[in-house]
Amino acid sequence: MSVDPPPGGFAGPAKRSITIAGHKTSITLEPIFWRALESAAAARGLPLSALVAQVDALRIETDDPPNLASALRSWVFSEARSENYSQ
């Protein structure tokens, strides 16, 4: 069995500025993660910043919070796995 590149090919991380809870922050993620977050936000009828803020709030509540980019990648991966299992 072979593997295929991700949709859009391999791409390095892209930095974006986003406002969370009233303050601006920069987040660096690969484009495939940005696209997944945008899709998840649209599916929930939320602006991207609102979805990121929700994930950030969950991240902060953990005993040993990872950085925000890591939390977002983990959340996106978990969401994708949940969707695959529910189909």
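The values are calculated or read from the model by the stated rules, or taken from the named source; none is laboratory data. Note that the structure is predicted; figures quoted are calculated from it, not measured. Quick reminder, even Gly has a Cβ in these numbers, built from the backbone with ideal geometry, and neighbours come from all protein chains shown. Only protein heavy atoms, including side chains, enter the accessible area calculation; ligands, DNA and RNA are left aside. Shrake-Rupley method; radii C 1.70, N 1.55, O 1.52, S 1.80 Å.
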Could you please tell me which pairs satisfy a Cβ distance under 7 Å, a separation of 6+ or placement on different chains, a first residue in the stretch 13-30 that is within 15 Å of Arg73 (Cα to Cα) and assigned to a strand (DSSP E or B), and a second residue that is basic (Lys, Arg) and open to solvent by less than 70 Å² (accessible area, probe 1.4 Å)? Leu29/Arg73
Among what's in the stretch 15-30 and is of a type in the set (Gly, Ala, Ser) and out of contact with any strand residue (DSSP E or B) (no Cβ under 9 Å at 6 or more places or on another chain), pick the residue that is least open to solvent (accessible area, probe 1.4 Å). Gly22
Residue hits (the stretch 27-43; under 14 Å from Ala71 (Cα atoms) and of a type in the set (S, T, N, Q)) are Thr28
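Quick grid of which residues meet (1) small (Gly, Ala, Ser); (2) within 12 Å of the chain's Cα centre (by Cα):
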| site | (1), (2) |
| --- | --- |
| Gly22 | yes, no |
| Pro47 | no, no |
| Gln54 | no, yes |
| Ser70 | yes, yes |
Within the stretch 50-87, tally of residues that are of a type outside the set (Lys, Arg) and open to solvent by 80 Å² or more (accessible area, probe 1.4 Å): 13
Just one of Ala80, Ala41 is free of Cβ contacts under 8 Å to residues at least 24 places away in the same chain, out of contact with any strand residue (DSSP E or B) (no Cβ under 6 Å at 6 or more places or on another chain) and within 26 Å of Gly8 (Cα to Cα); which is it? Ala41
Which condition number in (1) in contact with a helix residue (DSSP H, G or I) (Cβ under 6 Å, 6 or more places away or on another chain); (2) in a loop (DSSP other than H, G, I, E, B); (3) among the β-branched types (Val, Ile, Thr) is the one that Thr62 fails? (1)
Just for the stretch 31-49: of the residues that are closer than 13 Å to Leu72 by Cα and in contact with a helix residue (DSSP H, G or I) (Cβ under 7 Å, 6 or more places away or on another chain), which one is surrounded by the most Cβ atoms within 10 Å (Cβ to Cβ)? Leu37
